[in-house]
1. Of everything in the stretch 194-232, what is in a loop (DSSP other than H, G, I, E, B) and of a type in the set (Gly, Ala, Ser)? Give them in sequence order.
2. Within the stretch 76-97, count every residue that is closer than 26 Å to GLY211 by Cβ, of a type in the set (Gly, Ala, Ser) and part of a helix (DSSP H, G or I).
3. Kindly indicate the residue of the stretch 198-220 that is touching a helix residue (DSSP H, G or I) at 6+ places or on another chain (Cβ under 6 Å) and open to solvent by less than 10 Å² (accessible area, probe 1.4 Å) and also modelled with the lowest pLDDT among those meeting that condition.
4. Within the stretch 182-232, can you find the residues that are touching a strand residue (DSSP E or B) at 6+ places or on another chain (Cβ under 9 Å) and of a type in the set (Val, Ile, Thr)?
5. How about the stretch 130-176: which of its residues are of a type outside the set (Val, Ile, Thr), open to solvent by less than 30 Å² (accessible area, probe 1.4 Å), part of a helix (DSSP H, G or I) and closer than 25 Å to PRO82 by Cα?
6. Could you please give the count of residues in the stretch 234-244 that are modelled with pLDDT of 90 or more and charged (D, E, K, R)?
7. Could you tell me whether ASN231 is open to solvent by less than 70 Å² (accessible area, probe 1.4 Å) and either at pLDDT 90 or above or closer than 25 Å to GLN86 by Cα (or both)?
8. Take the residues in the stretch 177-190 that are buried (at least 21 other Cβ atoms within 10 Å of the Cβ) and assigned to a loop (DSSP other than H, G, I, E, B); name whichever of them is modelled with the highest pLDDT.
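The values are calculated or read from the model by the stated rules, or taken from the named source; none is laboratory data. Predicted, not measured: the structure shown is a model, and the values here were computed from it. With ideal geometry, Cβ positions are generated from the backbone for all residues, glycine too; neighbour counts draw on all protein chains shown. The area values use the complete protein model at the heavy-atom level, side chains included, leaving out ligands, DNA and RNA. Shrake-Rupley method; radii C 1.70, N 1.55, O 1.52, S 1.80 Å.
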Amino acid sequence: MRILGNVLLVIAVLCLVLFPYWIITSNMPVLALLFPFLLLSTGLRFRNWGRGLVRDAPSSSSPGAQGTGAADAPAVGTVEIPLSPQASDAIARQCAQAKKMVWWIAGGALALFFGLGVLFVNSGPRDPDAHKMIYVFGAMGFALAFLVGAFQWLLIIRPIQNDLAATTYLRTTGPIQLVFIRNGYMLRLADRSFLLKNKDGVKQLKTIDWGTVDHSPTGHVVLAAWDRQGNCVYVAPGNVADRL
């Protein structure tokens, strides 16, 4: 998240530097100045959110630091846990859902633009070449489907596939905070934060402000969560958490 925040800050600064030139050469309205300031504000928030809730939280990366109860986990911080078949199955389910979502979005984009092309041809004056607009709209739909698919693969599917190839996942103990962002949520933990890929577990995570969360390292699939007393509040479908 901090990397994304830095990227937005750089884009915002470039827009602010180039804005006087754009106003002079293209008569851009001054109101458009709100856009770089929006990017600047979002970038600053992402930088702050990406730091986690506890500064300099202790962390252990030992693959053998697996605990089976609340007392075995670190007071505040993150440890690595050997990837169990159950956790791997839960991650694989998430990957399959992400792939299915790509096909739905890509198919929807193609159908939408093809339908718009047919509507455009039938609603306008009779023209022997009007049918060519169907190909134009179809090409636009294909381009949108390709971009959405590439975006989903790079940011969601590929990281989850990396988790499946790994030998460990992460267990973070400490304060927990959910931040609503547009139509999704960011999960802030003791020493890290990440965007949730879907709303699985959101309802349960809202009920605790301190506890332990199991999650995958790059795809950020939430596998399980426990409250301060060690009571399990959430388990991802397909996962049998080792503390149940």
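1. Going through the stretch 194-232, the residues in a loop (DSSP other than H, G, I, E, B) turn out to be 196-201, 206-209, 216-221, 228-231.
Within the stretch 194-232, GLY201, SER216, GLY219, GLY230 meet the criteria.
2. First pass over the stretch 76-97, keeping only residues closer than 26 Å to GLY211 by Cβ: 76-95, 97.
Right, trim to of a type in the set (Gly, Ala, Ser) and you get 77, 84, 87-88, 90, 92.
Then drop every residue that is not part of a helix (DSSP H, G or I), which leaves 87-88, 90, 92.
The total comes to 4.
3. Going through the stretch 198-220, the residues touching a helix residue (DSSP H, G or I) at 6+ places or on another chain (Cβ under 6 Å) turn out to be 216, 218-219.
From what's left, open to solvent by less than 10 Å² (accessible area, probe 1.4 Å): 216, 219.
Numbers: SER216: 93, GLY219: 90.
The residue in question is GLY219.
4. Selection gives VAL202, THR207, ILE208, THR212, VAL213, VAL221, VAL222.
5. Residues of the stretch 130-176 of a type outside the set (Val, Ile, Thr): 130-133, 135, 137-147, 149-155, 158-159, 161-166, 169-171, 174-175.
Filter once more, so that each one left must be open to solvent by less than 30 Å² (accessible area, probe 1.4 Å): 130, 138, 141, 145, 149, 152, 159, 163, 169-171, 174-175.
Still in the list and also part of a helix (DSSP H, G or I): 138, 141, 145, 149, 152, 159, 163.
If the condition is that a residue be of a type outside the set (Val, Ile, Thr), open to solvent by less than 30 Å² (accessible area, probe 1.4 Å), part of a helix (DSSP H, G or I) and closer than 25 Å to PRO82 by Cα, then PRO159, ASP163 are the ones that fit.
6. 0
7. Details: open to solvent by less than 70 Å² (accessible area, probe 1.4 Å): no; either at pLDDT 90 or above or closer than 25 Å to GLN86 by Cα (or both): yes.
The answer is no for ASN231.
8. LEU189
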